[in-house]
Amino acid sequence: MSERIAFLGIGLMGAPMAQRLIAAGFPVALWNRTAAKAEAISGARVAPSPAAAVAEADVLITMLENGPVVEAVLFGEQGAAAALKRGALAIDMSSSPPPMARDHAQRFAARGIGYLDAPVSGGVIGARAGSLAIMAGGTAADFVRAERIFASLGRATLVGPAGSGQLAKCCNQAIVAITIGAVAEALLLAAASGADPAAVRAALTGGFADSRILALHGKRMIERDFLPGGRARVQLKDQNTILAAAAEAKLQLPLTECVTSLYRDLVAHGGGEFDQNALLLELERLNAPARLGQTVDKIPPS
C-alpha cells in the first residue's frame, strides 16, 4: 500500500510535483495558503490547514517559499509538526538554511519522526517532467524510505547528514547565479561588439562554455523573455543563504558576493518577480545604452 502523503505548498514548483505524486498512485492531501491553487489539482484531498493535511499522513512534504515560512508552518501556529504522527517521515523540499535543517532534524527526532532535507534543482520544467535533481540530507534509512517518492519526481542523491541537502542546494545556486551572470555578460559583449549573439550562443554549443544555462537562459535572454520560472527575489534569498553558509565555514566567495550585489540591485529596481535570467537587465543598466537585441521585453504584469 502506498504511503499517504501530505504536500504543503502548491506554487510554481509544488503544483507539478504534487501532480506527479498523484499520478504515481500516492494518496495525497494538499494544503496551500491560497486554497484555490490546491483546489485546481484533481485527485487529491484539499485540507483547510497544515495540521489537517498531515493528521493521517505517513509522509509530510513541504515545498514552501523560504525557511521562515517552513518554520512557521511546521513549528508555529500552523502546527503541522505537532499533528504528524510518531513514525512518520518529514521531507523539506523547500530551499531553507542548512542550520535550520539541522535544527528541524533534531526536533523531529525528539518526536520519533524521521527527517530529510531534500531541496531540488531543475525548475518548473524539471518538476513537470519528473527530472528534478534532488539533494537529500539525512540518514540512509530515511532516504531508502523516501526513494519511491523521489523516483516520481526526479533523481535523488543522499549527500550527507541532515543539513547537507540544503548545503548542496547552496552549491547549486552559487553555480547557477554565477553562470547566469557569465552568460548575460558574454551575450551582451557579443551584441555590443557587433556580433550576432544568437549565432555566438550557437557557436559555443558543444564547447567548454556550453551548459544548460547557456542553452535555456541564454535563449530566453536573446528572446528577452523574463517571465518567471525561478524568480529573482527567490534567487536573492538563496544568494544570502549561500553567503551565510560561507561565513559559517569562514570562507570568502567574491564571485558569489558580486552576483548577489547584482541581484540585490535588480530586486531594488523592481525586478523581484522577474525570472532569474533578468540579471541581464541589471547589466544593461550598468552599460546603457548597450542592449541585447531590440525585441520587446516579456515581463510579469505589474
Looking at A15, A36, which is the one that is within 23 Å of the chain's Cα centre (by Cα), in a helix (DSSP H, G or I) and free of Cβ contacts under 8 Å to residues at least 24 places away in the same chain?
-> A36
In this structure, does A156 turn out to be in a helix (DSSP H, G or I), assigned by TED's automatic domain parsing to the domain that holds A24 and among the small types (G, A, S)?
-> no
Residue under evaluation A109, criteria (1) modelled with pLDDT of 95 or more; (2) surrounded by fewer than 19 Cβ atoms within 10 Å (Cβ to Cβ); (3) under 14 Å from the mean Cα position of the chain (by Cα), criterion not met = (3)
Restricted to segment 216-229 and to residues being in contact with a helix residue (DSSP H, G or I) (Cβ under 7 Å, 6 or more places away or on another chain) and among the hydrophobic types (A, V, I, L, M, F, W, C), the residue surrounded by the fewest Cβ atoms within 10 Å (Cβ to Cβ) is I222
Between residues in segment 192-208 that are modelled with pLDDT of 95 or more and residues that are of a type in the set (G, A, S) and in a helix (DSSP H, G or I), which pairs lie under 7 Å by C-beta distance while being six or more apart or on different chains?
-> P197/A190; P197/A191; V200/A190; R201/G218
When only residues in segment 156-215 that are over 30 Å from A105 (Cα atoms) and in contact with a Pro (Cβ under 7 Å, 6 or more places away or on another chain) count, which is surrounded by the most Cβ atoms within 10 Å (Cβ to Cβ)?
-> L187
Scope segment 99-137; condition out of contact with any strand residue (DSSP E or B) (no Cβ under 9 Å at 6 or more places or on another chain) and small (G, A, S); matching residues = A110, G112
Pull up segment 53-89, narrow it to residues that are under 17 Å from R145 (Cα atoms) and outside any loop (DSSP other than H, G, I, E, B), then point me to the one that is nearest to the chain's Cα centre (by Cα).
-> T62
Residues of segment 230-263 that turn out to be crowded, with 16+ Cβ neighbours inside 10 Å and either free of Cβ contacts under 8 Å to residues at least 40 places away in the same chain or within 20 Å of I213 (Cβ to Cβ) (or both), as a count | 20
Filter result for the condition that a residue is surrounded by fewer than 22 Cβ atoms within 10 Å (Cβ to Cβ), in contact (Cβ under 8 Å) with a residue 60 or more places away in the chain and out of contact with any Asp or Glu (no Cβ under 8 Å at 6 or more places or on another chain), over E77, E65 | E65
Only one residue in A141, A105, A127 is closer than 18 Å to G230 by Cα, not assigned by TED's automatic domain parsing to the domain that holds A177 and not in a loop (DSSP other than H, G, I, E, B). Which one?
-> A127
Got a number for residues in segment 84-96 being more than 12 Å from V59 (Cα to Cα) and either modelled with pLDDT of 95 or more or in contact with a strand residue (DSSP E or B) (Cβ under 8 Å, 6 or more places away or on another chain) (or both)?
-> 3
Answer with yes or no whether P48 is in the same structural domain as I149 (by TED's automatic domain parsing), farther than 24 Å from A151 by Cβ and touching a helix residue (DSSP H, G or I) at 6+ places or on another chain (Cβ under 9 Å).
-> yes
What about A191, is it among the small types (G, A, S), out of contact with any Leu (no Cβ under 6 Å at 6 or more places or on another chain) and outside the structural domain of G14 (by TED's automatic domain parsing)?
-> no
G138 touching an Asp or Glu at 6+ places or on another chain (Cβ under 8 Å) and on the phi > 0 side of the Ramachandran plot = yes
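The values are calculated or read from the model by the stated rules, or taken from the named source; none is laboratory data. All of these numbers come straight from a predicted model, not from anything done at the bench. Note that each Cβ is placed from the backbone with ideal geometry, even for glycine, and that neighbours are counted across all protein chains shown.
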